[in-house]
Amino acid sequence: MGNERELLMIPGPTMVSPRVLRSMAKPVLSHVSGEFVDGFAEALELQKKLFMTDATPFMLSASGTLGMEAAISNLMERGEKILCIENGFFGEKWEEIVTAHGGVVDRLRFDWGDALDLKLVEEKLSSGDYKAFTVEHVDTSTGIANPIDKIGELAKHTDALYIVDSVCGLGGMPLQMDNWNIDFCLTGSQKALGAPPGISLFCINDRAWEAVEKRSTPIDDYYANLTRWRPIMDNPRGYFATPAVGMVLAMREALRIIDEEGLESRWRRHQVYSDAFKAGLEALGLEQFPEEGSRATTLSVPKIPEDVSDSDMRGLMRIKYGVIIAGGLGKLGGKTVRVGHMGNVTNNDIVATMSAMEMSLMELGYEIEPGAGVGAAEKVLISHRTES
Ligand SMILES: Cc1ncc(COP(=O)(O)O)c(C=O)c1O
């Protein structure tokens, strides 16, 4: 059996609050009981608050990928063109989904971790060719945060529907679905929302819903056909397929925690922890993946010193210090590691993770002053006097 005190500091799944865990340790309810139906309705209202939207919320049993697929399969018809704006692993994933549903991909691809060139985005969008366009809020492969607010300004001048994947952003980084003109926005339960994996959350606004209703061909999906789910989201007493009752109630508890903290405070907390962790990395002399100014606050992606093996470092961190971080993704495997600091993360977690990293690096022969990383992180934490 694993060590129950391990710190899970990967970019999702993340540590889950005992409040959420307790909500799951209850007898399973009937999916049509008043208690569950009321809980589901409350969760959906809290979801709208989190997305800062009046759009229709959907909460389905699935992972984040279902939201990506539902966006494409419901909004797009075969042969229609989608602009995929990409600067990482998850941005590129959209291409596969569009192709799988018979769409035509036009990609605007930047190197992994490079900031998007908004002039090029504007030029592409002004062609007026697209049914929709996709953007990653945070691409978890590189730790880059894209300026989805500025892209939202560009979205105003096009008929193309604006789809944002905020699986690694929402709940940690600012996102205002309505103010930023986002038509379809999606996330998953297991990252900055601080719930276990298993729930796909997304919102679809009236403009995007009109596109669904005006289709001339049927939606080529069954479970993810949103016209089947919409009546349930409008009134959770109905039935299309059995919701994951325990997970929905866990999600409600996680969303209550977010609501109690308040979005502004939560964004600020993520900023402070991210600044602290990144200051520690800098003090350790580790380069970081995206350029400063484009870095997400939900995770950090340091490059590993050339003479240190990333798997040795991660292994030591886990076995000796009980801290779990993730390896690099795709072509960044072996060159970077990924540290998630989102959701229910605390001051202690930041300091403990930095300490585990620097001690593991030292043990592997990397020369640094003991405490250099922790000291730099603490300076940031102290200067912000966060409470947690
Ligand atoms: C940015 C981003 N988008 C989409 C996904 C896919 O989500 P899931 O693994 O929950 O299907 C992930 C998963 O890590 C992600 O980080």
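The table below gives the values:
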| item | result |
| --- | --- |
| Residues that are closer than 19 Å to PHE90 by Cβ and either in a helix (DSSP H, G or I) or in contact with a Leu (Cβ under 8 Å, 6 or more places away or on another chain) (or both), drawn from region 294-353 | SER300, VAL301, GLY330, LYS331, LEU332, ARG338, VAL339, GLY340, HIS341, MET342, GLY343 |
| Residue that is most open to solvent (accessible area, probe 1.4 Å), among those in region 277-293 that are out of contact with any Lys or Arg (no Cβ under 8 Å at 6 or more places or on another chain) and in a helix (DSSP H, G or I) | GLU282 |
| Flag if MET317 is more than 21 Å from GLY194 (Cβ to Cβ), in contact with a strand residue (DSSP E or B) (Cβ under 9 Å, 6 or more places away or on another chain), among the hydrophobic types (A, V, I, L, M, F, W, C) and modelled with pLDDT of 95 or more | yes |
| Close pairs (6 angstrom Cβ cut-off, 6 or more residues apart or separate chains): on the phi > 0 side of the Ramachandran plot and assigned to a strand (DSSP E or B) in region 138-149, at pLDDT 95 or above and surrounded by fewer than 24 Cβ atoms within 10 Å (Cβ to Cβ) anywhere | none |
| Filter result for ALA160 (away from the ligand (no atom under 16 Å from the Cβ) and either hydrophobic (A, V, I, L, M, F, W, C) or touching a residue at least 24 places away in the same chain (Cβ under 8 Å) (or both)) | yes |
| Condition check for VAL121: within 30 Å of THR217 (Cα to Cα), out of contact with any Pro (no Cβ under 8 Å at 6 or more places or on another chain), open to solvent by 50 Å² or more (accessible area, probe 1.4 Å) and touching a residue at least 24 places away in the same chain (Cβ under 8 Å) | no |
| ASP234 in contact with a helix residue (DSSP H, G or I) (Cβ under 8 Å, 6 or more places away or on another chain) and open to solvent by 40 Å² or more (accessible area, probe 1.4 Å) | no |
| Residue that is farthest from VAL212 (Cα to Cα) [pool: residues in region 163-187 that are away from the ligand (no atom under 15 Å from the Cβ) and open to solvent by 10 Å² or more (accessible area, probe 1.4 Å)] | PRO174 |
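The values are calculated or read from the model by the stated rules, or taken from the named source; none is laboratory data. Being a predicted model, the structure only gives us computed values, none of them experimental. Virtual Cβ from ideal backbone geometry, glycine too; neighbours counted across all protein chains shown. With ligands, DNA and RNA removed, areas are computed over all heavy atoms of the protein, side chains included. Shrake-Rupley method; radii C 1.70, N 1.55, O 1.52, S 1.80 Å.
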